[in-house]
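What follows is calculated from the coordinates using simple rules that are stated; it is not laboratory data. Keep in mind that what you see is a predicted model, and the values were worked out from it rather than measured. Because the Cβ atoms are built from the backbone with ideal geometry, glycine has one as well, and the counts that use them run over all protein chains shown.
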Amino acid sequence: MTDEDRNEMVVTPWEVRGKVDYERLIREFGTQPLTDGLLERIVKLTGEFHPQLRRKLFFSHRDLDTTLDLYEKGVKFVLYTGRGPSGPVHIGHLIPWIFTKYLQDKFKTRLYFQMTDDEKFVIEEDLKLEETTHFAYENSLDLIALGFKPKDTYIIFDVQDIDLLYDIALEAAKRITFSTAKAAFGFQESTNIGWIFWPAIQAVPCFIHTKLTGEKVPALIPAAIDQDPYWRITRDIAQKLGYYKPAQIHCRFLSGLGIGGKMSASEPETSIFTTDQPATVKRKIWNAFTGGKGTAAEQRTTGADPNICTVFQYFYFLFEEDDKKIAERERQCRAGETLCGECKTDLAERINEFLSEHQKKREKARNIVDKFHIKR
Ligand code: TYM
């Protein structure tokens, strides 16, 4: 791969690389920017300006405005999000899940969470079905550790629960042509047919609430923008099947600890997994790409650049909620008052504190996972 290919932006559900231009994604995907007016509406309804909204981590949407219009008229919505269990969960995955929990708490609404062990089996050449099914179970512990309420959280394990999904998947699949799927996902002649059919399964949880309860309500999907192609095809067929179009709220990507691209489990040295031990976290953070200068002396005189620094980004996205403290960290960085080593040490400590608690909750979740399995 040439440097030019590496830098070129690619955002699909299976690959994100290059420098991500979010304005361009809004234009090319045809989504709507999350305006200040919409943010105000969310704050008014929830009574809280969530840090991820304040920091503009969520930046785009489809039909969030119409979902809120309906809500204000008394039509509730359900939440839907998911995980492709191809390995352990990394801290980037937690971003949309933390936000989903805020929405569940504030709107007191049900969450459908899809574990796509089938998807990861059909698309990942080297993974066996037992492995993706195992990761689905392990990854569900991470979700539960974030504090979701069992009463309102319905985890769907695709392979195990396929009987519940299959009729709706068929209805969807019948109405999506190969040329539409090819345009949305870039399928090739060599793509296996399991993968080509599979998007019909990711559409199902948008509609499953009606099947389970008889209630007709829209689904709102918080996720990073890489998943958007699924919703484009699902939205096209929703009304033909008698459902509301699913709405989305899209977040940015937490980048990996290297240069460019999103945090991705396929690059373990630049990803922080929720199961990483303290020494591993320290090592990975110590090797992170920063906005620092060649020498300490140079950095003390000219300052560093937090805009391109992964360490600063991790504070900003997840590990420093206090707006004054993050502003001060930025100022000190630009002024050359702090060096990268100090920020790295602080960040590794913060992450390890978080992970130590998270790992305890994760283990406890093993005892209650059944309570979260979709209730039929
Ligand atoms: P998966 O496992 O690739 O990703 C799970 C969720 O994490 C988001 N995500 C990220 N967010 C911020 N920073 C990152 N570096 C980052 N990497 C991934 C993804 O957008 C996703 O929200 N096919 C899906 C599973 C799925 C799903 C869904 C996801 C099924 N139904 C509904 C979202 C909504 C997948 O493989 O996700």
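Between residue 163 and residue 375, the contour length at 0.36 nm per residue exceeds the alpha carbon distance by 75.0 nm. Taking the fewest neighbouring Cβ atoms within 10 Å as the starting point, the ordered list for 338, 177 is 177, 338.
Result for the chain in a Gaussian network model with C-alpha springs under 10 Å: among 260, 291, 242, the largest mean-square fluctuation is at 242. If I take R0 = 51 Å and measure r between the Cβ atoms of residue 287 and residue 48 in this structure, what FRET efficiency does the formula 1/(1 + (r/R0)^6) give, to the nearest 0.05? The pair residue 287/residue 48 has a calculated efficiency of 0.90.
The convex hull of the Cα atoms of segment 284-376, projected and averaged over all directions, covers 8.0 nm².
Using only Cα atoms, find the angle between the long axis of helix 36-46 and the longest principal axis of the chain, and express it within 0 to 90 degrees, rounded to the nearest 10. Taking the Cα atoms of the chain, the angle to 36-46 is about 70 degrees.
Strictly greater than 18 Å: what percent of every Cα pair in segment 43-164 meets that? Of the Cα pairs, 58 percent sit more than 18 Å apart.
Using θ = phi - 60° in the Karplus curve 6.51 cos²θ - 1.76 cosθ + 1.60, the 3J(HN,Hα) couplings for segment 104-119 round to 4, 5, 6, 9, 6, 10, 7, 10, 9, 10, 9, 9, 9, 5, 5, 4 Hz; x is entered for Gly and Pro.
Protection proxy ranking of 31-44, 309-322, by the mean of other Cβ atoms within 10 Å over each peptide's residues and highest first, is 309-322, 31-44.
Per-residue Karplus couplings for segment 333-349, computed as 6.51 cos²θ - 1.76 cosθ + 1.60 with θ equal to phi - 60°, are listed in order as 5, 4, 7, x, 7, 10, 9, 4, x, 5, 5, 5, 4, 4, 5, 4, 4 Hz, Gly and Pro entered as x.
Based on DSSP H segments of at least four residues, each scored -39500 (n - 2.57), the chain has a per-residue ellipticity at 222 nm of -14500 deg cm²/dmol.
Among all lysine pairs in segment 268-364 that are eight or more places apart or on different chains, how many have alpha carbons less than 21 angstrom apart?
8
Once both labels are positioned 7 Å from their Cα atoms along Cα-to-Cβ, the gap between residue 126 and residue 330 label points is 3.9 nm. Using Cα springs under 10 Å in a Gaussian network model of the chain, which residue among 193, 144, 326 shows the largest mean-square fluctuation? Largest GNM mean-square fluctuation: 193. With θ taken as phi - 60° and the Karplus curve 6.51 cos²θ - 1.76 cosθ + 1.60 applied, the whole-hertz 3J(HN,Hα) list for segment 141-158 is 5, 5, 5, 4, 4, 6, x, 4, 8, x, 4, 10, 10, 10, 8, 9, 9, 3 Hz, x standing for glycine and proline.
Per-peptide packing, taken as the mean over residues of other Cβ atoms within 10 Å, places 162-171, 57-66 in the sequence 57-66, 162-171 from highest down.
Kirkwood radius for the chain, taken over all pairs of different Cα atoms as the inverse mean of 1/r, rounds to 21.7 Å.
Within segment 85-165, the GluC sites (Glu not before Pro) that combine a DSSP coil assignment with at most 12 other C-beta atoms in a 10 angstrom radius are 125. Of all DSSP-defined beta bridges confined to the chain, some 40% are antiparallel rather than parallel.
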